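The values are calculated or read from the model by the stated rules, or taken from the named source; none is laboratory data. Treat the numbers as computed from the prediction; the structure is a model and nothing was measured. We place every Cβ from the backbone using ideal geometry, glycine too, and count neighbours over all the protein chains shown.
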Amino acid sequence: MVEAVRLCSRIGKSHMDPIVQAPYAVSVGTSNLDEARATCSEHLYPRSMRLIDPSARLAARFAFLHLEGLTVSDVRYGAAVAGECADLGSYHVNLVLAGHFAAQQGARTINGDTGTAGVYRPEGHNFLHGASADCHLLSLSIDTDFLEEALASLLNAPVRARPRLAGQLDVRRAPGRSCAELIRLPRTRSTIPTA
């Protein structure tokens, strides 16, 4: 099953097990930077990752819930980190539960804190300039086709262009608060293991 998941990750498809086609959850804790990088690459996006302070000790904890077209992640690095990755190939929201991060996607600035979620589009090279040591994220990755098909169904019309989502979402008031509550829902229902 792990090899099937790795294959799906490499070809950019949904992270569902192609044999079983069932949701599954994974939880990993590590102090090894290479293992943390590999885990995030396997369950989210291939990326580089480095400690901002090379003398710091990583204390990463990750939990992933893979559903058809969606991945919900609970991410903590336990040390300030930076890194980068290519196009995500999916829509992605980082909801900050603690700490903060500063990032960039193409020319767009994407910063997040407990009042502001970061919103990513499928295209654009991504730079994580820094996530604080106490940064705790809940993220939602939505397969591009999955989201655009759902949007077309809601609109009862084809989606002719990708939605141009803003880089930040204020989660202190509507509609951002509703979005944040939906991202938190699997965690409150105990369907995703806590990181």
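In the list Ala60, Ala82, which residue meets the criterion of being at pLDDT 95 or above, crowded, with 18+ Cβ neighbours inside 10 Å and closer than 20 Å to Asp113 by Cα?
Going through Ala60, Ala82 in turn, just one is at pLDDT 95 or above, crowded, with 18+ Cβ neighbours inside 10 Å and closer than 20 Å to Asp113 by Cα: Ala60.
Right, Leu128: over 16 Å from Cys179 (Cβ atoms), in contact (Cβ under 8 Å) with a residue 12 or more places away in the chain and either out of contact with any helix residue (DSSP H, G or I) (no Cβ under 6 Å at 6 or more places or on another chain) or assigned to a strand (DSSP E or B) (or both) or not?
Answer is yes for this residue.
What residue, among those in the range 29-78 that are part of a loop (DSSP other than H, G, I, E, B) and small (Gly, Ala, Ser), is nearest to the chain's Cα centre (by Cα)?
If we take residues in the range 29-78 being part of a loop (DSSP other than H, G, I, E, B) and small (Gly, Ala, Ser), then Gly69 is nearest to the chain's Cα centre (by Cα).
For the range 105-122, give me each residue that is of a type in the set (Gly, Ala, Ser), assigned to a strand (DSSP E or B) and out of contact with any helix residue (DSSP H, G or I) (no Cβ under 9 Å at 6 or more places or on another chain).
Matches in the range 105-122: Gly112, Gly118.
Quick one: how many residues across the range 152-164 are at pLDDT 90 or above and within 18 Å of Arg121 (Cβ to Cβ)?
The total comes to 1.
Given the criteria more than 24 Å from Ala150 (Cα to Cα), at pLDDT 95 or above and either exposed (fewer than 14 other Cβ atoms within 10 Å of the Cβ) or among the hydrophobic types (A, V, I, L, M, F, W, C) (or both), does Ala98 qualify?
Judged against the criteria, Ala98 is a match.
When you scan the range 135-170, how many residues do you find that are of a type in the set (Val, Ile, Thr), out of contact with any Asp or Glu (no Cβ under 6 Å at 6 or more places or on another chain) and over 30 Å from Gly78 (Cβ atoms)?
Within the range 135-170, residues that are of a type in the set (Val, Ile, Thr), out of contact with any Asp or Glu (no Cβ under 6 Å at 6 or more places or on another chain) and over 30 Å from Gly78 (Cβ atoms) number 1.
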